[in-house]
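Structure first, commentary second.
All of the numbers you see were taken from the coordinates with simple rules; none came from a lab. This one's a predicted model, so the numbers in the text were calculated from it and none came from an experiment. Here Cβ is always computed from backbone atoms with ideal geometry, including for glycine, and neighbour counts include all displayed protein chains.
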Amino acid sequence: MKTLIKWFADGFRILRPPRKFNLLVLLLTGVFLGLLAVTLHISRATSYLTNDPAACVNCHIMAPQYASWQKGSHGRFTTCNDCHVPQDLMRKYMYKAYDGSRHAFMFTFKLEPQVIKMHAPGQRVVQENCIRCHGDFMATTLAAACNSGGGERRCWDCHRDVPHGRVNSLASAPHARVPTPDPVRLPAWLEERMQRDKPSQ
């Protein structure tokens with residue numbers, strides 16, 4: 001334990017800036033943490049830590065998937081996380097962090113496809129969760145039939161319409177009713193100031 005404390009103390013001494021830069025480093029750290037907090041608030045990043053399916057529609061391109069899940073049989077018994085993330089705690093949040101940063105990168109740089117398809121890690125997770133929930137109903141003969149023919153088949157090779165139907169893009173469900181994201185709330189003092197400084201017409 002003493003060795004660990006000494007190691008942290010040595011690391012702090014090495015990384016500590018010269019005394020004349022303390023104020024500058026403190027200010028820059030405050031600005032960075034403030035920008036990070038605002039970014040997390042505006043992007044509703046904390047909503048992804050919950051199991052609320054409405055968090056998935058923070059991004060408008062997920063509207064058809066949300067609507068088809070909600071109206072289908074899975075909408076009565078599951079959430080998005082029941083199918084799309086691993087169920088053990090450590091893997092769940094590691095996968096959410098990996099997938100969330102991947103999605104954030106894609107949407108920030110406008111790389112999202114018009115037709116959404118699961119990538120390989122997502123397919124493995126969904127297949128694992130199909131078996132976790134429905135494994136009791138899969139007879140040995142059925143499992144053998146599914147896995148015959150030169151390679152393992154995925155559940156959705158046969159059950160193509162479960163749970164999202166044949167949804168492919170925003171155009172496939174243009175008038176889907178989905179929850180609208182809450183508007184970003186500005187601090188009260190800023191709203192008051194904006195109202196006060198608004199030019200009169």
task = Note down the relative contact order for segment 53-170 as a percent, whole number, built from C-alpha pairs under 8 angstrom at least six residues apart.
result = 41
note = In terms of the charge dipole of segment 1-98, which places +1 on Lys and Arg and -1 on Asp and Glu at the beta carbon, the residue among 61, 31, 3 farthest towards the positive end is 3
message = Whole-Hz ³J(HN,Hα) for each residue in segment 112-122, computed from phi via Karplus 6.51 cos²θ - 1.76 cosθ + 1.60 with θ = phi - 60°, x for glycine and proline: what do you get?
response = 5, x, 6, 10, 7, 10, 6, 7, 3, x, x
request  = Could you list the chymotrypsin sites (Phe, Trp or Tyr not before Pro) in segment 7-115 that lie in coil according to DSSP, counting only those with at most 16 other Cβ atoms within 10 Å of their Cβ?
outcome  = 77, 109
